[in-house]
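The values are calculated or read from the model by the stated rules, or taken from the named source; none is laboratory data. Because the structure is a prediction, the values reported are computed rather than measured. Positions of Cβ are backbone-derived with ideal geometry, glycine not excepted, and every protein chain shown enters the neighbour counts.
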Amino acid sequence: MISTFHSFWEFFPGPLLQRPKRLQIAALCHRGDGADRKYLLITSRDTGRWIIPKGWPIRGLKSNETALREAWEEAGVTGSKAADEPVGVYTYDKRHATGWATPVETLVYSVSVGELLDEFPESNERTRMWVDAGTAAEMVNEEELKQIFRRHQAISPSQS
């Protein structure tokens, strides 16, 4: 009986009741070439864990333009160029104050950093750090984001 109920739940109401993933856009900010290439990590405002700049889509902006806006607001990145297509995707559960979590799929755009300003909208709320791809992979929590950094560690910068 339990097996029948489980099978029924798995194929009918279960999928209907699951919340769909939300979409965010992220900036994989980098500078330098070859072995000197570094990636910009920032701290999250809530837990202080290491992340990359990201946010919700912005009406009227393309996804790569949203990545540039998030890089500016959260990290002070300016005078930069974002790739036209994402270099990867990662998922995570965004925790809310209520305790609920929302699954989020995050499109990651490569952003070549032109300039980094000290004063930016969230400068008093975040810490920034430049690290190599291998170190970045160790510092972030999300497994799929770790894999993006590991891929960048393994390929030449001209391919990213």
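When we screen K94, K62, K146 for residues that are modelled with pLDDT of 95 or more, in contact with a strand residue (DSSP E or B) (Cβ under 8 Å, 6 or more places away or on another chain) and closer than 20 Å to Q24 by Cα, the only hit is K146.
Considered as a group, the residues in region 36-67 that are in a helix (DSSP H, G or I) and touching a residue at least 40 places away in the same chain (Cβ under 8 Å) include one that is nearest to E143 (Cα to Cα), and that residue is A67.
Considering region 84-151, the qualifying strands (runs of 3 or more DSSP E), each wholly inside and each with 2 or more residues that are among the hydroxyl-bearing types (S, T, Y), run over 88-95, 101-112.
Can E70 be described as charged (D, E, K, R), modelled with pLDDT under 95 and not in a loop (DSSP other than H, G, I, E, B)? I'd like the intermediate steps shown before the answer.
Values: charged (D, E, K, R): yes; modelled with pLDDT under 95: no; not in a loop (DSSP other than H, G, I, E, B): yes.
No: the conditions fail for E70.
Just one of the listed residues (T78, T102) is surrounded by fewer than 14 Cβ atoms within 10 Å (Cβ to Cβ), hydroxyl-bearing (S, T, Y) and either farther than 18 Å from R45 by Cα or touching a residue at least 24 places away in the same chain (Cβ under 8 Å) (or both), and it is T102. Restricting attention to region 41-88, the residues that are of a type in the set (A, V, I, L, M) and within 12 Å of the chain's Cα centre (by Cα) total 7.
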